[in-house]
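Here the structure comes first, spelled out in structure tokens, and everything after it is commentary.
The values are calculated or read from the model by the stated rules, or taken from the named source; none is laboratory data. None of these values were measured; they are calculated from a predicted model. All Cβ positions, glycine included, derive from the backbone under ideal geometry; neighbour counts span all protein chains shown. Please note that ligands, DNA and RNA were not included when accessible areas were found on the heavy atoms of the full protein model with its side chains. Shrake-Rupley method; radii C 1.70, N 1.55, O 1.52, S 1.80 Å.
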Amino acid sequence: MKDSFTRIITIYSAIYALACGAFFAVLIRSGASKEMVWAAAAFVLTTAIIFAGYLLSLRSGMIAILDKLSLTVQSLIDGQDREYFPVFEDSLLSKLQGQVLKLSGILRTQKLRYKEEGEEMKSLITDITHQLRTPLANLNMYNGMLANEGLPPDKRTEFARIACDQTEKLTWLMDSLVKLSRLESGMIEVRAERRSLMDTVLAAIKTFYPAAEEKGLEISFEGGVPVPLLHDAKWTGEAIGNVLDNAIKYTPAGGKIKVTIERYEMFARIDIADNGLGIPEAELAKVFQRFFRGASSSDTQGVGVGLYLARKIVTEQGGYMKVSSEPGGGSVFSLFLPVDTATNEKSVE
């Protein structure tokens with residue numbers, strides 16, 4: 001660019017010199033006096049100096065602008081986003097610089113988001129592989145034992161029952177992981193419809209009531225007045241069901257589970273309270289993490305997916321979840337869903 005500008009100056013200077021030479025030739029041939037010739041020469045020399053100075057200053061300004069543009073591009077490459085043109089000046093270059101820096105920020109944010117999504121998906125695949133390894137290994141082991149023709153009938157019956165339990169666990173685990181992968185990859189569809197939240201909660205309770213009754217647990221419901229709001233009844237019922245299932249698992253026989261609905265100005269609140277084992281304070285911040293299981297849950301069936309799924313579902317609808325608990329004093333899981341707010345449909349499978 002600098003060389004091109006220098007060539008342009010050289011060409012214009014040559015043209016100007018030729019024009020001046022032709023002018024003096026015509027002036028001399030016309031018989032002009034020496035004074036007139038010298039005056040013309042002084043004028044031409046003065047204009048030449050002014051013209052040359054203008055071109056040099058123009059060249060210097062252009063070089064300075066090009067240097068700043070080069071430094072701006074280099075700063076973008078280095079990830080520094082430096083501003084070399086004053087932002088307070090309402091000039092074309094400052095506006096161009098602002099737009100370029102804004103575009104750079106957008107691209108950097110997208111790159112970071114894609115990287116985080118890639119890491120999250122890699123972590124999800126690793127976790128799924130780890131969770132599937134144990135039941136598959138158990139099935140393989142017990143199937144190998146059942147293939148032994150000399151196995152006593154009572155042992156064969158016991159091993160067959162264990163293999164059946166492992167198959168059911170694997171089926172349940174695969175179903176949970178499919179739901180989890182759909183949520184993680186953004187393939188869940190939230191279809192918001194104005195429906196009664198009480199009906200959604202009662203449907204979830206009805207689904208899990210037999211399991212609670214079999215364990216000798218009492219489930220009570222206090223709904224107050226019906227709360228119509230925009231929500232996905234299917235996925236919201238899934239979230240409530242996961243919390244109920246968690247309460248049933250960790251509440252001893254003869255315990256109580258209480259479900260209540262309360263409406264606030266901005267949110268509808270669903271509380272699911274139990275008088276079970278409770279959660280240590282050190283684990284409260286981790287209960288919604290994927291595949292997290294507390295120290296006291298080793299004897300209880302599960303993989304730590306239910307509460308994570310519940311929070312993900314509620315979050316997809318613009319709500320949030322929280323928990324309060326203490327060891328031996330039971331737990332209260334609260335689901336908050338927005339009232340009278342538009343719920344956008346998510347990208348669908």
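Hey, does region 186-196 have a residue that's modelled with pLDDT under 75, open to solvent by 50 Å² or more (accessible area, probe 1.4 Å) and not in a helix (DSSP H, G or I)? Yes, some residue in region 186-196 is modelled with pLDDT under 75, open to solvent by 50 Å² or more (accessible area, probe 1.4 Å) and not in a helix (DSSP H, G or I).
So for region 142-150 (the condition being surrounded by 14 or more Cβ atoms within 10 Å (Cβ to Cβ), assigned to a helix (DSSP H, G or I) and at pLDDT below 70), does at least one residue qualify? No - not one qualifying residue is present in region 142-150.
Restricting attention to region 110-120, does a residue exist that is open to solvent by less than 90 Å² (accessible area, probe 1.4 Å), part of a helix (DSSP H, G or I) and at pLDDT 70 or above? Among the residues of region 110-120, at least one is open to solvent by less than 90 Å² (accessible area, probe 1.4 Å), part of a helix (DSSP H, G or I) and at pLDDT 70 or above, which makes the answer yes. Selection over region 262-272 of residues that are open to solvent by 30 Å² or more (accessible area, probe 1.4 Å) and over 15 Å from A310 (Cβ atoms) gives a count of 6. Taking the criterion of being modelled with pLDDT under 90 and open to solvent by 20 Å² or more (accessible area, probe 1.4 Å), the residues of region 216-232 that qualify are E222, G224, V225, P226, P228, L230.
Within region 245-261, the residues that satisfy the criterion of being touching a strand residue (DSSP E or B) at 6+ places or on another chain (Cβ under 6 Å) and crowded, with 19+ Cβ neighbours inside 10 Å are A247, T251, I257, V259, I261.
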